[in-house]
Amino acid sequence: MFNITHKKIKNPIRPFTVASAPAENVVRLTMRVNDNPSDFKKAMLELKQGMKVKISGPVGNFYLKDNSPSLLIAGGIGITPFRSILKQIEVEGNREDKQIHLLYMDSKKSYTFKDELNRIADNTSISVTYLDSRNDLHQEIDKFTDLYKNNGKYFIAGPKSMVDGISDYLQSNNISKRNIKKGAFFGY
């Protein structure tokens, strides 16, 4: 949770997903800024080195716990937590025992961190698929669910409507709620 303290704004506290891995020893945040940013994003953009914000956390349980086959489904800026997870796996060394597949959906085809994700995939057993349509995304999800069903873990991060839609899709394909972890991003 990040709390803007250098100026007064209506909603000064927002959750942010950290994009950096613990091994990087920095706190990296990623946010998409459009032509009409919120007051919070404007305040974030005003921050300069040495200025202070209040930070609390981390909160949530969005991380890989075991060696289950895992499908990571990112929508747009929802790639942020997956960058952190994959970067840490890369730093720890190639984990052949983990079957991890990232599906990165971005209708704008901007694919934040694409070069870095490709490099991680080249040096690990992690696979990455870039998509720009919901139909293609469903086809890729179906391939994974056909192979692993409820033996797999499913992580979804992105805009709330996308996260809810994919979670519903998985459940309609007999994937148990307990195997689905969601990280909904608000304000997009």
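Some points to look at:
- Cα gyration tensor shape of region 101-188, rounded if a/c is under 1.5, else prolate or oblate by comparing a/b with b/c: oblate
- Candidates N173, N135, N118, ranked by Gaussian network fluctuation over the chain, Cα under 10 Å, top entry: N135
- Taking Cα centre as origin and charging only the Cβ of basic (Lys, Arg, +1) and acidic (Asp, Glu, -1) residues, the dipole magnitude of the chain rounds to 1000 debye.
- Of T17, T124, T5, the sequence from fewest to most neighbouring Cβ atoms within 10 angstrom is T5, T124, T17.
- Ordering P69, T124, Q49 by the projection of their Cα atoms onto the charge dipole of the chain, which places +1 on the Cβ of Lys and Arg and -1 on the Cβ of Asp and Glu, puts Q49 at the extreme positive end.
- Candidates G158, G60, G76: whichever shows maximal mean-square fluctuation once the chain is modelled as a Gaussian network with Cα springs under 10 Å: G60
- Residue order, fewest to most surrounding Cβ atoms within 10 angstrom, among K182, K65: K65, K182
- Relative contact order of region 70-185, pairs being alpha-carbon contacts under 8 Å that are 6 or more residues apart, as %: 32
- Directionally averaged projected area (the chain, Cα convex hull): 11.2 nm².
- Comparing A23, A121, A74 in a Gaussian network model of the chain, where Cα atoms under 10 Å apart are tied by springs, the biggest mean-square fluctuation is seen for A23.
- Gain upon complete extension [N3, K109; 0.36 nm per residue less C-alpha separation]: 35.0 nm
- Residue order, fewest to most surrounding Cβ atoms within 10 angstrom, among F155, F2, F16: F16, F2, F155
- In this structure, the pairs whose alpha-carbon distance is over 32 Å, taken from K87/K160; K42/K114; K41/K143; K8/K153; K42/K153, are K41/K143; K8/K153; K42/K153.
- Gyration tensor over the Cα atoms of region 83-150: the corresponding equivalent ellipsoid has semi-axes (square roots of 5 times the eigenvalues, largest first) of 21, 18, 7 Å.
Values quoted throughout were computed directly from the atomic coordinates according to the rules given, and no laboratory measurement underlies them. Values in this document were obtained by computation on a predicted structure and should not be read as measured data. Here the Cβ is made from the backbone with ideal geometry for all residues, glycine too, and neighbour counts use every protein chain on show.
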